[in-house]
Amino acid sequence: MVSLLKHVSDLDRYESIQKASLGGYAAAIEYIAQYAVDVDPLITEKHREYLRMLRVRVMDAQTPEALLETQPVLQSELRDYRDKCGIHLTGLRQEFTSALVSLQDVMSTFCLSGKDQEKQLKEELNTLETLAASNDPDVLRRGVQSAVRAIAECVEQMKRQNDIVVAQFRDEIRTMQLLAEAAEASAALDPATGALKRSEFETRVRRAVLRDGPVCLVIVKTGNLRDVQSRHGKHLAGEALAGLYRRIREEFGEKVDIGHWSDDTFMIMLLSTKPDALKRTRDLRHRVTAPYVCVEDGHRYTLHLKFDIGIADFHASEDSDRFFAKAELLRESMG
């Protein structure tokens, strides 16, 4: 009787684990769709739609075989999305290069057209000098009239060409500005996590403290990152850190600056007093300490990160360097 009850209990436990695993797998697919990097809206939307269809397929799977069949499908879709994004980014780089080449062509055309007009004007002036020596009034009159028409036409042609060149020049500058802004925005981000690079984050903090308003730095430090890297490898640890950044972003919203300060630390800049910052971070620990489910080569791994959270507030008597030094001292003192 006891053995039978134990078997029933084990079956219930296995069923609960199975349901939790299935739910975790489906949730992971939904998170992948939700947080896909939006390189190109059309590509990304199709990717999200496909992943959500796959999630429905996972939830509707009636046999282990049907569920296992979704794993290579997911891997293939993620690989395909990575390749499409790579092609799109390569295209952007080529467009940037083409814009530079086009700008050079515009400038070359401008210089060449200017030389042609200069040559034509010199020829007409030489004609006028020749006519000046003529004693025949009719020849002089006809020659001057012809030269004036030719010079007027030349000037009008120069004006039209210059207007076209100026318009092209403006278009090329506008295109280059847009591409440069996109490249600058991309260069400011840490590719591994999506957070701001430390240099960019410091720049934004320095600007903020100059405005004489309240500024706080919320420090989120991972206490066991080295152990996780040693046990699971740098790839999975990096995936967990990227997941940590996304949870922090969810907690504070899109408008807050978040920087990847060091390998194990993120910093969040809040334009608020320390009491307000404490209120805003009240639920942060609960959000970030939940397990991180990461995937490598089609296998799922659950990682657990340990955290310490601290807050450094800016004082009017400090400058930005002293503020950063205080924040770094607090970070080092954390576990």
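The values are calculated or read from the model by the stated rules, or taken from the named source; none is laboratory data. Just so we're clear, the structure is a prediction, and the values are computed from it rather than from any experiment. Heads up, the Cβs are rebuilt from the backbone with ideal geometry, glycines too, and the neighbour counts pull from every protein chain shown. Side chains are part of the model used for accessible areas, which takes the heavy atoms of the whole protein and leaves out ligands, DNA and RNA. Shrake-Rupley method; radii C 1.70, N 1.55, O 1.52, S 1.80 Å.
Taken over the range 42-63, the residue count meeting the criterion of being assigned to a helix (DSSP H, G or I), open to solvent by 90 Å² or more (accessible area, probe 1.4 Å) and out of contact with any helix residue (DSSP H, G or I) (no Cβ under 8 Å at 6 or more places or on another chain) is 5. If you go through the range 64-100 and keep only what is modelled with pLDDT of 55 or more, over 21 Å from Ser21 (Cα atoms), among the aliphatic types (A, V, I, L, M) and open to solvent by less than 70 Å² (accessible area, probe 1.4 Å), you end up with just Leu92.
The residues in the range 239-253 that are surrounded by fewer than 15 Cβ atoms within 10 Å (Cβ to Cβ) and part of a helix (DSSP H, G or I) can be counted, and the count is 1.
Do we find a residue being modelled with pLDDT of 65 or more, touching a Cys at 6+ places or on another chain (Cβ under 6 Å) and more than 30 Å from Ser320 (Cβ to Cβ) anywhere in the range 160-169? If you could, list the steps in order and put the result at the bottom.
Narrowing the range 160-169 to residues modelled with pLDDT of 65 or more: 160-164, 167-168.
Add one more test, that the residue is touching a Cys at 6+ places or on another chain (Cβ under 6 Å), and what stays is none.
No, the range 160-169 contains no residue that is modelled with pLDDT of 65 or more, touching a Cys at 6+ places or on another chain (Cβ under 6 Å) and more than 30 Å from Ser320 (Cβ to Cβ).
Restricting attention to the range 195-238, the residues being over 17 Å from the mean Cα position of the chain (by Cα), charged (D, E, K, R) and open to solvent by 30 Å² or more (accessible area, probe 1.4 Å) number 9. Could you list, in sequence order, the residues of the range 71-84 that are of a type in the set (S, T, N, Q) and without any contact (Cβ under 8 Å) to a residue 24 or more places away in the chain? Once the filter is applied, which keeps residues that are of a type in the set (S, T, N, Q) and without any contact (Cβ under 8 Å) to a residue 24 or more places away in the chain, the range 71-84 yields only Ser76.
Determine, yes or no, whether Ile268 is within 20 Å of the chain's Cα centre (by Cα), in a strand (DSSP E or B) and free of Cβ contacts under 8 Å to residues at least 60 places away in the same chain.
Numbers: within 20 Å of the chain's Cα centre (by Cα): yes; in a strand (DSSP E or B): yes; free of Cβ contacts under 8 Å to residues at least 60 places away in the same chain: yes.
So Ile268 passes the test.
Give the residues of the range 301-312 that are open to solvent by 70 Å² or more (accessible area, probe 1.4 Å), in a strand (DSSP E or B) and either touching a residue at least 12 places away in the same chain (Cβ under 8 Å) or not β-branched (Val, Ile, Thr) (or both), sorted by residue number. Passing the criteria: only Tyr301.
Looking at Leu278, Leu217, just one residue is among the aliphatic types (A, V, I, L, M) and in a strand (DSSP E or B), and that residue is Leu217. When the range 185-221 is filtered for residues that are closer than 18 Å to Ala277 by Cα, touching a Phe, Trp or Tyr at 6+ places or on another chain (Cβ under 7 Å) and aliphatic (A, V, I, L, M), the ones remaining, listed by number, are Val209, Val215, Val220. Only one of the numbered conditions (1) under 29 Å from Arg206 (Cβ atoms); (2) free of Cβ contacts under 8 Å to residues at least 12 places away in the same chain is violated by His286, and that is (1).
His315 meets each of the listed conditions (1) assigned to a loop (DSSP other than H, G, I, E, B); (2) open to solvent by 80 Å² or more (accessible area, probe 1.4 Å); (3) touching a Ser or Thr at 6+ places or on another chain (Cβ under 9 Å); (4) not β-branched (Val, Ile, Thr) apart from (3). Within the range 254-269, the residues that satisfy the criterion of being touching a Leu at 6+ places or on another chain (Cβ under 8 Å) and open to solvent by less than 10 Å² (accessible area, probe 1.4 Å) are Ile258, Gly259, Phe266, Met267, Ile268.
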